[in-house]
């Protein structure tokens, strides 16, 4: 099924309207903060493991609440993004792990 920009926008609008009607639209989406170096000298966006765990739990709960159809679309989008950068990701993995 070919989707043009108008169809994609219509789908996005429908999903947003449904999420808003269900009270699951929590304001304006924000990008994750950039990776920073904390006083500990380690990289990451959380200062403690407890903060990272809490954020992961919240993200998981939000992901599950999306419903199966939306999760399938999210996973498919991630799959396409990874496949489109397969060579770069492969080089990074080899560089990191040897």
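Structure data summary
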| quantity | calculated |
| --- | --- |
| Close pairs from segment 4-20: first without any contact (Cβ under 8 Å) to a residue 60 or more places away in the chain, partner in a helix (DSSP H, G or I) and surrounded by 11 or more Cβ atoms within 10 Å (Cβ to Cβ), Cβ under 8 Å, at least 6 apart | 15/70 |
| Search result, residues across segment 58-74 that are in a helix (DSSP H, G or I) and surrounded by 11 or more Cβ atoms within 10 Å (Cβ to Cβ) | 59, 62, 63, 65, 70, 71, 72, 73, 74 |
| Residue that is within 23 Å of residue 8 (Cβ to Cβ), surrounded by 10 or more Cβ atoms within 10 Å (Cβ to Cβ) and modelled with pLDDT of 90 or more, where the choices are 81, 55 | 81 |
| Selected residue [in contact with a strand residue (DSSP E or B) (Cβ under 8 Å, 6 or more places away or on another chain) and assigned to a helix (DSSP H, G or I)] from 52, 77, 81 | 52 |
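The values are calculated or read from the model by the stated rules, or taken from the named source; none is laboratory data. This structure is a prediction, so every number in the text was calculated from the model and none was measured. Heads up, the Cβs are rebuilt from the backbone with ideal geometry, glycines too, and the neighbour counts pull from every protein chain shown.
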